[in-house]
1. If you count, for every residue in B:295-302, the Cβ atoms of partner chains within 10 Å of its Cβ, what is the mean?
2. Counting DSSP beta bridges in the protein assembly as shown, what percent are antiparallel, to the nearest 5?
3. Pairs of alpha-carbon atoms within less than 8 angstrom and 6+ residues apart define the contacts here; what relative contact order does chain B have, in percent?
4. Enter the Cα centre distance for the pair segment A:270-312 and segment A:129-200, rounded to the nearest angstrom.
5. Would you calculate the convex hull of the Cα atoms in segment B:20-240 and tell me its volume per residue in Å³?
6. As a test, work out the antiparallel percent of DSSP beta bridges whose residues both lie in segment B:20-240, rounded to the nearest 5.
7. Could you list, bin by bin from short to long, the percent of Cα-Cα pairs of segment A:101-189 in 10 Å steps?
8. Provide the descending list of Cα extents for segment A:152-248 along its principal axes, expressed in whole angstroms.
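Bear in mind that the values in this text are calculations on the coordinates, not laboratory data. Predicted model only: the values in this text are computed from it and were never measured. Virtual Cβ from ideal backbone geometry, glycine too; neighbours counted across all protein chains shown.
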């Protein structure tokens, strides 16, 4: 985003200032094969108490972004540029000690696979109490009471007994509930949920999603919800960021992005998904090709090798100029607004019925 | 939404009168659990599949859905005889193959092929793509017209890969391309039935549609019957004319596509459909019922007595614990739509007057929220 100006966000008429603000974030990893540009110039804002959904395929940089916010990358192999402001505090340049104060306290994370994210060596209760004792200076007794209260809140039966259980004694859904309880122990202002339900069955997923939503209303945390499932995101998020190959390609409220998508990649995602009430005789319309390697990403717009609409753009804009993503509701595409409108109405919308 | 579905439904119900290709009766697989010291004895059994009845017609595509651990993959492996069934009967084209020996099975094996879930572990990394696709023909001593290599190149072209890539190794391909190689291998012997075990769930969303379209093309153009095992209900609906829903080793409901997706009767089918997260493209798309179950699937080592779903069911009564509901056609169901339930639901997926929320934590939170903010709509 070269056109980035530090203007206040236009789309928030309520005047609520952003609580987390990421500006022109670049994350690079040096590997044996070369430098991987995992995130390339990403900017977004999260408001207090709101949910930002980030969707994208594997390798689009959504998890990398969030590990960067938490400061979990190895500084020896990664280069991080840009700005991450959490409640006015700069995180990119923060020391390890400062980050430690924030992690588990002001910001917490729910991981995809609770079996690997929970330690098999300690009881669930101990793992829940630890951050509370560390950050809030609570006694063991207070931490235990708090942990039992949280376990009950997330729907674990007999929380007093289960407090002393090990993670392997919990079922998959229960483990994810325990993870949620753990992340909420210190009442964090920011919760990052990285594919929290991908490993779960649909009926359990539905329970966990509703639980997370209701808990958010109670705790008022801001949530960054990462997933590859557009259905899940339409259920969970207020705002949506679509990522492709390390860049944001479209941004807006969930309704705007899903009802009137403006980027060819979002069109592709929506029309390649079968729907429960769709026409069964209609073939799916997949996106041709495969996601690019980030070792050697395409020039210009990174989606251009898979895009069906490059022909409608003048000259070689798509192949040599990176399309800018404006603030607010925007899509990073060289097509003009009218072109997007006509293509969506004529070609894309009929497929989604 | 229902009017554009009336046509395929009629087609679906006539499909059941088609010639039967594969028939499964009372199929059972119990994996023994050994324990004790010093002599290990059988102390129990995982009842992975427990009395499954299923038919697949010639050229028909049957979907098998259910959550993890419900026995759908085991059923697929029993049908391909990769596992030995504990009890039950598998009939292929009128021939009983349940206990057939290796030699008796050889001609049948080539007609029933399998596509696996993980395109990374199901291809031998030391063999070239050509060798991988050719080997089923070598094993069965089949010499196609123009030689095996020509056939392999044709197959590669059919599944949308470059025939020039004949000598490449699997690691040179992406996940979606590898799954295409798996499809080409399954097609090498001109099978009559393909058991596809979660063929797209390991792939990215944009690639899933490519493989689903390929399978659909193969099914329609070559007339191959499919047993399509998946947990994604939307993909199964897209692909299958008939659908069977499994829960804890049993088929709880089976019927044509329209019956299962628009007129389900079993509470579990209702719960499963309502749990699918759908993209709300229109504003009016929110008229689906909302059911939130509690807890996970019980252990198949000691499944609940009677109806296996009763521990998570909101309609369960004493009868459900004592008597196992048979898989029968309930009055009001179409032909071939069978349900195993004592107290079936109404055949609709429309929103109910009151949501079914069994999760106590969710219930408590929603009560609080409703109490605080007055008449709050709790619809998802």
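1. 3
2. Here the antiparallel bridges make up roughly 60 percent for the protein assembly as shown.
3. Numbers: 687 pairs, mean separation 70.4, N = 380.
Across chain B, relative contact order equals 19 percent.
4. What the calculation gives is 40 Å, centre to centre.
5. 146 Å³
6. Numbers: 20 of 34 bridges.
Bridges in segment B:20-240 that DSSP calls antiparallel: roughly 60 percent.
7. Per 10 Å bin, starting at 0, the Cα pair percentages come out as 20, 56, 24, 0.
8. Ordered largest first, segment A:152-248 gives principal extents of 46, 27, 21 Å.
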